[in-house]
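Just below is one structure, and these are the notes that go with it.
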């Protein structure tokens, strides 16, 4: 297969999207966005000024007055048109995501599919909550009913690893519920974020319903938005450290929140598991999207005497993975999204060596001909990893697999439940009894059985526990509880 063409070689100086218009920022502060496969600059990105932040919030607040009272069937029509636009621009969005983020184009196509699923879910969810609840003759002559009302303007913060999927995990639901948004994407993938806004602009949403600000690493600008009394809350996917700071701000200012943080995920291979299938699950779970996946895993725990056979299969398969530019359709793993991400993974690997873990596959020196300036790294595998090691507790967020041996399922569950995080865990087994125990006893929010990535469909929430989540509502379908509030009405006419 040939290398697919880039949508553009360079996207120029990006703009802000405020009150339905693309705005040249008045900022004097910019940062450069690079293609992680080539290391070349593909855009200059302005960091919004305080005045521009206030303009975006004001535009969203003004839009709320009409958007929130629009007949829900009219809002549903906008959401359905949004779905059609994403479908129409599917391949363009996919290629931009591969160019800006680095992931392989088939992963990017799957991401756009997930975005479409979220838009569909948001549209379908509307019909459920608008029906409300009603009890007639609750008492003599008294009827009671409950209605859902949109809350207000929301700040949506999307991460560098899933800029499109995270956008779709909040924005379509907010709009369906009647809540305008101000989106401040990660500095790591601003071109991909802008692309979604350009597609959304074609739908013709009323001015102020959708607003885009680039804030770089200036947390104080996000804090300024959250502290604004016109803003009702925040939806966030990112690191636990930043998430905790946001959660504290939301508590201080009485704002709603859905805050999703780090994880330390596990794939467990039971003695009766299919080792060929397990190898494929581990490749996707640990090395897919270059390990930068929220539901990806670092720790691979093997129970019983199958360890040596699985290790041999896994190392061989990982060694044969083709690493290259994501727009090469034969590539199986792309680069890390940023140079700083690559450096963090290299430090993580060095930490494992210092902790006396044994490296059985080293991906640090992987060089790709023609892409010598790219942020590439091959699969890396450790063994002799113990639960007390830092690399067994901390998320690498890169293409690293820690092979660990366990006596039995109870020991594995103890390790999983002993983590500060509660994002996901998977098991490969042919035993319903084993799977049921794993499902019921693991203290994580997303479980996979005979899967490497326990990705639920859009109309399910992304469940997470412990320090992987803070707030009052999970993302995706559950986020309607973030964007809507309840009102009860008690009537007496008799």
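The values are calculated or read from the model by the stated rules, or taken from the named source; none is laboratory data. The shown structure was predicted, so the numbers you read here are calculated from the model rather than taken from an experiment. Every residue, glycine among them, receives a Cβ derived from its backbone with ideal geometry; neighbour counts consider all protein chains shown.
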Quiz item: Of the residues that make up region 183-201, is at least one assigned by TED's automatic domain parsing to the domain that holds residue 478, under 22 Å from residue 11 (Cβ atoms) and free of Cβ contacts under 8 Å to residues at least 12 places away in the same chain?
Solution: yes
Residue pairs within 9 Å by beta carbon, gap of at least six or interchain, first lying in region 295-318 and assigned by TED's automatic domain parsing to the domain that holds residue 386 and closer than 25 Å to residue 446 by Cβ, second modelled with pLDDT under 95 and surrounded by fewer than 20 Cβ atoms within 10 Å (Cβ to Cβ), listed first then second, are 295/455
Restricting region 268-298 to residues that are touching a helix residue (DSSP H, G or I) at 6+ places or on another chain (Cβ under 6 Å) and not in a helix (DSSP H, G or I), the one farthest from residue 327 (Cα to Cα) turns out to be 271
**Item:** Some residue of region 109-117 being more than 21 Å from residue 185 (Cβ to Cβ) and either touching a residue at least 24 places away in the same chain (Cβ under 8 Å) or surrounded by fewer than 19 Cβ atoms within 10 Å (Cβ to Cβ) (or both)
**Value:** no
Of the candidates 202, 149, 136, the one satisfying the condition of being surrounded by fewer than 17 Cβ atoms within 10 Å (Cβ to Cβ) and in contact with a helix residue (DSSP H, G or I) (Cβ under 6 Å, 6 or more places away or on another chain) is 202
Can you find a residue that is crowded, with 17+ Cβ neighbours inside 10 Å, within 26 Å of residue 239 (Cβ to Cβ), out of contact with any strand residue (DSSP E or B) (no Cβ under 6 Å at 6 or more places or on another chain) and in the same structural domain as residue 212 (by TED's automatic domain parsing) anywhere in region 123-130?
no
Only one of (1) modelled with pLDDT of 95 or more; (2) in a loop (DSSP other than H, G, I, E, B); (3) in contact with a strand residue (DSSP E or B) (Cβ under 6 Å, 6 or more places away or on another chain); (4) surrounded by fewer than 21 Cβ atoms within 10 Å (Cβ to Cβ) does not apply to residue 315, and that is (2)
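Could you check region 227-255 and list, in sequence order, the residues that are assigned to a helix (DSSP H, G or I) and crowded, with 18+ Cβ neighbours inside 10 Å?
Within region 227-255, 240, 243, 246, 247, 249, 250 qualify.
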Going through (1) touching a strand residue (DSSP E or B) at 6+ places or on another chain (Cβ under 8 Å); (2) assigned by TED's automatic domain parsing to the domain that holds residue 214 one by one, residue 3 fails only at (2)
Going through region 397-440 in order, the residues found to be surrounded by fewer than 18 Cβ atoms within 10 Å (Cβ to Cβ), in contact (Cβ under 8 Å) with a residue 12 or more places away in the chain and either closer than 21 Å to residue 262 by Cα or not assigned by TED's automatic domain parsing to the domain that holds residue 276 (or both) are 417, 418, 420
* Return a yes/no flag: does region 333-356 have any residue that is at positive phi and either assigned by TED's automatic domain parsing to the domain that holds residue 38 or modelled with pLDDT of 95 or more (or both). => yes
- Regarding residue 403, is this residue modelled with pLDDT of 95 or more and not in a helix (DSSP H, G or I)? yes
What do you reckon, is residue 376 in contact with a helix residue (DSSP H, G or I) (Cβ under 7 Å, 6 or more places away or on another chain) and modelled with pLDDT of 95 or more?
no
